[in-house]
1. Of (1) crowded, with 24+ Cβ neighbours inside 10 Å; (2) assigned to a helix (DSSP H, G or I); (3) touching a residue at least 60 places away in the same chain (Cβ under 8 Å); (4) not β-branched (V, I, T), F93 satisfies all except one. Which?
2. It is to be established whether one or more residues within the range 188-204 are modelled with pLDDT of 90 or more, within 28 Å of G89 (Cα to Cα) and hydroxyl-bearing (S, T, Y).
3. Return the pairs, sorted by first residue and then second, in which the second residue is assigned to a helix (DSSP H, G or I) and open to solvent by less than 50 Å² (accessible area, probe 1.4 Å), the first residue lies in the range 113-128 and is over 16 Å from D91 (Cβ atoms) and in contact (Cβ under 8 Å) with a residue 60 or more places away in the chain, the beta carbons are less than 6 Å apart, and the residues are 6+ apart or on different chains.
4. Quickly run through the range 151-187 and pick out the residues that are in contact with a Cys (Cβ under 8 Å, 6 or more places away or on another chain) and either among the acidic types (D, E) or assigned to a strand (DSSP E or B) (or both).
5. Is it true that some residue in the range 161-182 is farther than 18 Å from F223 by Cα and either open to solvent by less than 20 Å² (accessible area, probe 1.4 Å) or out of contact with any Ser or Thr (no Cβ under 8 Å at 6 or more places or on another chain) (or both)?
6. Please go through (1) polar (S, T, N, Q); (2) farther than 21 Å from I18 by Cβ; (3) open to solvent by 30 Å² or more (accessible area, probe 1.4 Å) for N129 and return the number of the only condition it doesn't satisfy.
7. If you check G126, G78, G89, which single one turns out to be touching a strand residue (DSSP E or B) at 6+ places or on another chain (Cβ under 7 Å) and not polar (S, T, N, Q)?
8. Can you find a residue that is part of a loop (DSSP other than H, G, I, E, B) and open to solvent by 60 Å² or more (accessible area, probe 1.4 Å) anywhere in the range 56-70?
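The values are calculated or read from the model by the stated rules, or taken from the named source; none is laboratory data. What you see is a predicted model, and the numbers here were worked out from it, not measured in a lab. A quick note on method: Cβ atoms are made from the backbone with ideal geometry, for glycine too, and the neighbour counts reach across all protein chains shown. What goes into the accessible areas is simple: the full protein's heavy atoms, side chains included, and nothing from ligands, DNA or RNA. Shrake-Rupley method; radii C 1.70, N 1.55, O 1.52, S 1.80 Å.
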Amino acid sequence: MENSNSLKEIVKNKYSEIATSSDGNGCCGPVSGCCGDSVNVEFTMIGDDYRNIEGYVPEADLGLGCGVPTEFAGIKQGDIVVDLGSGAGNDVFIARRLVGDEGKVFGIDMTETMIEKANLNKSKLGYSNVEFKLGDIENIPLDDNTADVVISNCVLNLVPDKRKAFSEIYRILKQGAHFCVSDVVVQGELPQEFKKSAELYAGCVSGALNQEDYLNIISETGFKNIEIKKSRRIDLPEELLKKFLDEKAILDYKNSLKGIFSITVIAFKQ
């Protein structure tokens, strides 16, 4: 579809647009978002409801998640937590409640406008142990053996080199530490028309790996005790399918693809 740098620019531009929009609609959340904006249909992923979670900051929730990684992350008081693709700070602030005053939470994002929005939210909360850093997940701007827990929410599917991303996660985790990420994967085969779509890449679909390949990359990176904690099917609306596929292709799609799923997976560095 595009080279790595082009893909990053596509994602960066779309998420900059989301960060500066007044309504904060996202692409993977339970609202019409970047995929909806691009293809002019209502595109609804599986974004779990954060409203009843302690530490939730509505201004930081742009509807960009496909799970709640903190639910299974086992974050403890005093932990150092890193959130990859932290956006406006939604999962960072949830993690901050869990680590307390003694811990530290880093949010990493490659989009300048997201970092600005996150820092604005942080200033309102007055947290001194939260830090947002501009950076690329394929080259995380943190030292080796920094984190007790790494989290991420519907972001790694947007990274062109997922093997490099998981290698970086491994590098920054302490020995015996773990990650817990929510992400989008597929079972079966996506149509070529989807894979070629820049809009669907930014919308968390065409960059998604086959689930088995995704888990294999995690294992090959060196992680152990890999476990899917939660899996939820994502059904693409018929309007979206018709945007990219003719009737025969839609039938082939339904026959060849078992499903698109939001999974939350945990694994340990040993």
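1. All conditions pass for F93, except number (3).
2. no
3. That search, which allows pairs on different chains as well, returns T113/S16; T113/A19.
4. Those that are in contact with a Cys (Cβ under 8 Å, 6 or more places away or on another chain) and either among the acidic types (D, E) or assigned to a strand (DSSP E or B) (or both): I151, N153, S182, D183, V184.
5. No: zero hits.
6. (3)
7. G89
8. Checked against the condition, which is being part of a loop (DSSP other than H, G, I, E, B) and open to solvent by 60 Å² or more (accessible area, probe 1.4 Å), the range 56-70 yields no hits at all.
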